[in-house]
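Questions regarding the structure given below will be posed in turn.
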Amino acid sequence: MKNLFSNIKGDAFGGITAGIVALPLALAFGVSSGLGPSAGLYGAIFISFFAALFGGTNTQISGPTAPMTAVSMVVIAGIVAANDGDVNKALPAILTVFLLAGLMQIGLGAIGLGKYIRYIPYPVVSGFMTAIGVIILVTQILPAVGYYPKEDVDLVTQFKPQAEEIILENILKEEAGEGILVLEDFEETIKRAQLTTQDDIAKESQTLAKSASSGVLGTFKVLPRALKNINWLELILALATIFIVYGFKRITTKVPSALVALIVVSGIAYGFGMDYRPIEEIPTGLPVPNLEIFTNFSLGSITPYIFTALTLALLGAIDSLLTSVVADNMTKTKHEPNKELVGQGIGNSIGAIFGGIPGAGATIRTVVNINSGGKTRLSGMIAGILLLVILLALGPVASKIPAAVLAGILITVGIGVMDYKGLRAIPSLPKDIKLGPFKLSSEVLIMLVVLVLSTVWNLVYAVGIGLVIASLMFMKKIGDLTAERSDVKSLKEEAWQDETGFPSSLKEEVFVKHIKGPLFFGSTSDFQALALQIPITAKTVIMRLDRMQYMDQSGLYAMEDMLQDLKQKNIQVLFVGLLEQPRYMMERIGIIPEFIPNEHIFKSFKKCIAWVKENVEDKY
């Protein structure tokens, strides 16, 4: 408790700033999910507070995120469609899935699976994040141009035959459940069918139209119709929002540009009495628990969604722990991965009970918190409390926000969440596999497979397939390399044989690090700790790379980050025994010669020591 209040001023400023940044995103993610802005706000309030209180990353700010919303969107759409398009009817089942996901996260942390998240290779994460960006960007085109498929009469009419077929199927299922034999008592079927109104058919048709136009492929199907029916006012509001989000960043980054865009464009639209489409009304008063989750609970209703809940749990775990790593790098601290998963699970569970969408650790909000002075878990709790105050004080005002403004904000989120570092590396990475007559990079292939499958099919299946491909390719490469060097005996952890003549006078100034084995996605975590092992007196680091036969893209970027960190500390790095494949990888992205000039690369330790004796001064 003492540590909690050790940095009140910094935590208060960090939490308030992060909460302000979270506000427009929470509203936008709520609308995008299909449950409305209040669901996004409730999720942000409870996840931020409880994940901070019980989590294992002191500076983490949690709440609805782009990846979690993208998956939630699919979950919500599927359950709503199964409940005749009625969100209120589907809500208990939706929230039960979200609650189950939170409980699963608690379980993942309790059994200690948090530490295994680091084994997800970079190309899989890269493809996944870019897919999230594409999904959000594409699915926000329709609301940005003011086109809503369920309100397009011509489109809805096309689904009328299919709607009647579904209604008839439901009647037959209902009769079967009651033991009525249709062929023997067809009059009962006709009687029930006659009770179906045109409104029932229209409602089912609207549900089908909305479902058919959801997701990336659905959006592209109806895009020609949308472009013929553009609502120019909605489009102008969306474009103005995007312009301010990017334009205001050029003036200052101290004030969140998304919040400025939200206030300015909404203020102008409302002030001038424009005929725009507002977001759904945000309920006033304190959030109340949705007890139907428990009173109407039936195992049969959630059984089909158990795997979906696990999907959300795993995605939230990955999302949160990746953000925790970013926080560690910025604050030079070490998070507790399993405790963080428990905290996220508690936050998501409580958020679900109160009707919020699930979330995870949010990178941008966490960075804002740290840069604004946040150091303890109090900052995340303050961010949640601030959002609750905004809900209670400004709920009716927020209900006047144009839907197009939130679509514009989400478009900028979609553009920002893509992994441009990974995309830029595509032409540079070595083409190490052959598919028929084509030579391809295995890293690029994995990234593209995850990207395409995530975008047009299923996010979690795509990640699973990407992991399997990455593992198989890695095993093949390591097997090949092991076979090539099977005659080499293992070396001890202490000084290698050729280091016995190292000058004792320079032991304080020079630090020798041995890299034994490949630098790949499973070993980057340990490698990143290298900078922490270097004594304060050392100004030169010799890296023995004789045993580093292979380096993948994750290892490449870990090496780049470490060298950048050492360069900032004015520590020079010397390479000894750099092998062909790692050198080729480092040359492709400029590590050689940008960080390590060729004159700092030595074939033998003997030549390296000769250079050290001439160029390193004995100060201690």
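Derivation of every value follows stated rules applied to the coordinates shown; laboratory data play no part. Computed from a predicted model, the values in this text were never measured in an experiment. So basically every Cβ, Gly included, is an ideal-geometry build from the backbone, and we count neighbours across all protein chains shown.
Report the relative contact order of the chain, percent, no decimals, based on alpha-carbon pairs under 8 angstrom and at least 6 residues apart. Could the numbers behind the result be given before it?
Details: 1051 pairs, mean separation 166.0, N = 620.
Here the relative contact order equals 27 percent.
Give me the Å³ per residue figure for the convex hull around the C-alpha atoms of the chain.
Residue-normalised Cα hull volume stands at 205 Å³.
Per-residue HN-Hα couplings for region 543-550, Karplus 6.51 cos²θ - 1.76 cosθ + 1.60 at θ = phi - 60°, whole Hz, x for Gly and Pro?
Using θ = phi - 60°, the values come out as 9, 7, 10, 4, 9, 8, 6, 9 Hz.
Are there any helices in the chain, counted as whole DSSP H runs, that stretch 30 Å or more along their axis by Cα and score at least 1.0 on average by Kyte-Doolittle, and if so which?
8-33, 87-110, 306-331, 459-484
Hey, fewest Cβ within 10 Å first, where do PHE511, PHE502 land in order? If you can, show how the numbers build up before the last one.
Numbers: PHE511 19, PHE502 16.
In order of increasing Cβ crowding within 10 Å: PHE502, PHE511.
Further, regarding this structure: Loop only by DSSP, 16 or fewer other Cβ within 10 Å of the Cβ. Give me the trypsin sites (Lys or Arg not before Pro) in region 1-97 that pass, ordered by residue number.
Working: sites: LYS2, LYS9, LYS89; in loops: LYS2.
In loop regions of region 1-97 (DSSP not H, G, I, E or B), the sparsely surrounded trypsin sites (Lys or Arg not before Pro) are LYS2.
How much of the DSSP bridge set in the chain is antiparallel, in percent, rounded to the nearest 5? Each step should come with its number before you reach the end.
Details: 6 of 20 bridges.
Of all bridge pairs located within the chain, approximately 30 percent are antiparallel.
In addition: Taking the mean number of other Cβ atoms within 10 Å as a proxy for protection, how do you rank 57-65, 137-145, 327-335, 200-208 from highest to lowest?
Numbers: 57-65: 31.8, 137-145: 21.6, 327-335: 15.1, 200-208: 20.0.
My ranking of the peptides, most packed first, is 57-65, 137-145, 200-208, 327-335.
At what distance in nm do the modelled label points of GLU169 and LYS434 sit from each other, each positioned 7 Å from its Cα along Cα→Cβ?
Modelled inter-label distance: 4.9 nm.
Counting only C-alpha contacts under 8 Å and six or more residues apart, can you give the relative contact order of region 156-228 as a whole percent?
Values: 40 pairs, mean separation 29.6, N = 73.
Taking the mean separation of contacting Cα pairs over the length of region 156-228, I get 41 percent.
List every residue whose amide H lies under 5 Å from the amide H of ILE542, counting only residues 5 or more places away in sequence or on a different chain, with H placed 1.01 Å from N in the peptide plane.
Close amide H contacts, sequence-distant or interchain: PHE511, VAL512, LYS513, LEU574.
Right, another one. Over region 497-615, what is the relative contact order in percent, taking alpha-carbon pairs closer than 8 angstrom and at least six residues apart?
Relative CO of region 497-615 lands at 26 percent.
Out of residues 5 or more away from ALA362 or on other chains, whose amide H comes under 5 Å of its own, with H placed 1.01 Å from N in the peptide plane?
Result for ALA362 returns ILE61, SER62, GLY63.
Quick one: P(r) of region 156-228 from all Cα-Cα pairs, 5 Å bins, percents rounded to integers, in order of increasing distance.
3, 15, 20, 17, 14, 11, 8, 6, 4, 1, 0
When the helices in the chain are scored as -39500 (n - 2.57) per DSSP H run of 4 or longer and the sum is shared across all residues, what 222 nm value do you end up with, to the nearest 500 deg cm²/dmol? List each step's numbers first, then the result.
Values: 29 runs with 395 residues, N = 620.
Calculated from helices alone, the mean residue ellipticity at 222 nm is -20500 deg cm²/dmol.
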